[in-house]
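Shown next, in structure tokens, is the structure this report addresses.
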Amino acid sequence: MTSQTIGFIRNPYLWLFLFCLLAPLSQAQSPVTPQTTASEDNGEIKTLEQAIEVITLRRKALEDKREEIAQRLAQASTVEAEILQQQLTLLDQTITVLTAQINQWNRSQELSAKKALDLQEIARLQKKPQADKSFTVLDLDRAREQLTAESTQVKMMRTRVDLAEKALEQAQSTLKQKQEQLTQVQSSNGDAGPAKLKTATLEQDLAEQQQALYELKLKNEQKAFSVYETHLHLLRQKLEFLQKHARFDGSVLKAQIESINKQEFELKRKLTRIKDQSLKAQSLLNRARQRLEATSFEDKKIIEEAEARRLQLEALKSKTDATQRELELLAEQKALWQKRHDIFNHSVEHKNLPEWRSQANVDIAQLDQEQATIKLWLSDWQSRLNAVNRKVASSTPDIAAWQTQQSEQIQSIIDTLTDLNAALDKNRRLQNHLINDINVRTSQYSFSDRLRSLAAFKINHNSLLDWVCAFAVASLSFILLYILRWFLIRSLKKIAENNQFSQANQVLITVKRANLIFFLVIAAFFASLLLTLAPTTDATIAKITKAVIVVQIAIWLSGFLRAWIFRILSHKTKRDGASMGALAVLNFISQIVLWSVALLLILQNIGIDITALVAGLGIGGIAVALSLQRILNDLFASLSIVLDKPFVIGDFVMFDDFLGTIEHIGIKTTRLRSLTGEQIICANGELLNTRIRNFKRMQERRVVFNIGVIYDTSYEKLQRIPAMLKAIVEALDNTRFDRAHFFEYGDFSLNFEIVYYVLSADYNLYMDAQQAINLEIYQQFQQEEIEFAYPTQSLYVYNKTVSPHELTGKESSS
């Protein structure tokens, strides 16, 4: 094949032209006459054949190219072989995609043919029936069942269209990426070799063909949905046709009655055989139980045998009950066929039809309930069957034999229940046919009859009446909760205005936090209790309700915590920036803890195992705490300072060798202004670990000072000095004398100690008092001629007389 032909086939404008021609095929068409459809089908078939021919030529060209690369691959080096192998893989994938495109074109042709046949059948039904062609009620029943079965596939067909659209979007995204990669390779000039460029071109070509394939799939799915709608229209037309022309004569009724009588005869014979087998099984079970009671130890083989005999008897009992129920159903079928015959042949009075329909609806409800019970039994017996089968695999041969019999008996029970469920389903279909016959044949309905029919209409296994009751309960619950909220808000406002309850405002704020979404979820939960929903739906509603309740409780607790911190604790602390900042930190920590607990409860409620999460959070919390140990220490120390109040801003404190006035209490540090003017900054944790002296909280100041007098002071004067000092102190205001004593002999003075209290913490007042006392002592000591001692030393010289002889001897010796 020449390169011009290959280029022509790869021309995108050719494919665009073909898709434009085929675009109308994806649109839903309304039923038209066969002549118009035939002309359109001829043009469509011609276009399909052309498209298939073009794709076939392109596939042949790629296969030739593949053979060429395969021959080169056999003689290529290692590096070149890898590139050629990649190109070969891309060609194989492209050929596969082209083959899939041909299959999609063939499917499109089949869908078109099927739609044409359905349209022809619709046109044929619109004509009058042939004189020699007759239709019975059985044909009508088959048409109804076929329409019901086909109508259930709407959701599946729409899902297939949605999946095709998503696949096309993914293919378009992939093509865009491959085009960008090819552009990058082409723009790299000489950096990329021809092999790399060819590989990128093949990848883009593959992406283009995949996009074309998914476009064809989407068009075919849309066409299949259109064909499906046409087929449903055909079935409806056929049903309407049969409802007008179907007959139910005596021969058909006789055939149905004879068939039912034959089934009854077979079931009665079966019931007789089952009763005989039950007697024999009961005898075998009694013997097995006697052997089991006679053994002095636990014989597993006898236990399994007794269980097998019991299951055999239970299986026969299940067959007996099912057979008797099937006989009852057959009797009901006779009555139903007779009623339908009377309706078709107008042998029943009009007033009896609503009563028959109501009774049929009641019977259908009972059958639905019975089938639901059978499904539960089937699930239980299937679980027991699986358990027995697992035991058989691990048992010895003699025990496994009895366990196998148990498995067979359980399987027999399952088969019996399945057959009974099928019989119930047959009666249910017959009841529906009776209702449809009544609806077709009855032209006038009473108002009460219409209401009963509407109330019995089921939506998701719940009647319309159930949905109305559920909506009423939900509305009533929401209204009651809203009224209760409104009543509490109104009452609390009155209590708060009259100051009858100190926390009324806080309770009022909490009540206002009851969200309307919370009321809606609670109302929906109460409504769901009246409906029969799937277990998964019930579980989902319960989980959502629990999660919303947890969130609402967390909102209430959050408000209480915030109020307790900023209203109650703030009254006990000084309302300054430091205190409010510390309270804000405490509020932040408490809120994090509260909502973390709420989040964990919600995660546990929706089925997530939070054990590993809590463990991870614990380990992570320990790691963070260790890394932030100093910061957290200062943070909690700040909270301790605010709550315990060892000092506040403005206090004059002293710790270690530092003293000053508190200027600021922060989250991490406290700042003081010293007497010399500089600012002292200390970490809160270190500050609380030291002994702090708070002078501002001093109620009175104890003062101790000493004075000394000379040793030459007379005894009488020494006796008067304590009384003199007491009088001096007591003469001053804001002072309280404690004691004054002559308490020691000093090196150069006789020392007196004086103790008194200044009745104020003011330091200046203390200094004024001390100054006045010192001056008064000085004045009175001058008046009494008492001298203050000061450091002195006395030197005593002792002169000894030396003889000349002694002095001469000392000189000679020297």
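The values are calculated or read from the model by the stated rules, or taken from the named source; none is laboratory data. Because the structure is a prediction, the values reported are computed rather than measured. In case anyone asks, the SASA skips ligands and DNA or RNA and just uses the protein heavy atoms, side chains included. Shrake-Rupley method; radii C 1.70, N 1.55, O 1.52, S 1.80 Å.
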* **Rg and Dmax of region 84-185, Cα atoms only, in Å** => 23.4, 75
* Asked: Over the C-alpha atoms of region 697-744, what are the Rg and the largest Cα-to-Cα span, Dmax, in Å?
  -> 13.1, 45
* To do: Using Cα positions and a limit of under 16 Å, work out the aspartates and glutamates in reach of Lys114, with same-chain residues fewer than 8 apart set aside.
  => Glu40, Asp41, Glu44, Glu150, Glu221, Glu229
* Listed pairs Lys60/Lys176; Lys65/Lys217; Lys65/Lys178; Lys65/Lys196; Lys198/Lys219 exceeding 25 Å between Cα atoms -> Lys60/Lys176; Lys65/Lys217; Lys198/Lys219
* Could you order Met654, Met157 so the one with the most accessible surface comes first? Probe is 1.4 Å. => Met654, Met157
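Skip the ligands, DNA and RNA, and give the accessible area per residue of region 142-198 with a 1.4 Å probe, whole Å².
Working: 4070 Å² over 57 residues.
Here the residues of region 142-198 average 71 Å² of exposed surface.
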* Collect residues whose amide H, placed 1.01 Å from N in the peptide plane, falls under 5 Å from the amide H of Ile680; neighbours closer than 5 in sequence don't count. => Leu672, Arg673, Ser674
* **Residue order for Met156, Met698 - accessible surface, 1.4 angstrom probe, largest first** => Met156, Met698
* Tell me which aspartates and glutamates have Cα within less than 18 Å of Lys254's Cα, excluding those fewer than 8 residues away on the same chain? -> Asp139, Asp141, Glu264, Glu332, Asp342
* To do: Could you please state how large a percent of the accessible area of region 213-314 is carbon and sulfur, counting protein chains only and using a 1.4 Å probe?
  => 50
* How many lysine pairs does region 320-436 hold where the Cα atoms are under 25 Å apart and the two sit 8 or more places apart or on different chains? -> 6
* **Eligible aspartates and glutamates near Lys301 by straight Cα distance, threshold 15 Å, same-chain separation 8 or greater** => Glu293, Asp398
* Structure fact -> For Glu787, the residues 5 or more places away or on another chain with a placed amide H closer than 5 Å to its own amide H are Ile710
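So how do Lys319, Lys268, Lys127 rank on accessible area, 1.4 Å probe, biggest first, that is with the largest at the start? Don't skip to the answer; put the middle values down first.
Numbers: Lys319 60, Lys268 120, Lys127 145 Å².
From most exposed to least exposed: Lys127, Lys268, Lys319.
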* Fully extended contour minus Cα-Cα distance, from Gln177 to Ser134, at 0.36 nm per residue -> 9.1 nm
* Using only protein heavy atoms and a 1.4 Å probe, report how much of Asp712 is accessible, in Å² to the nearest 10. => 140
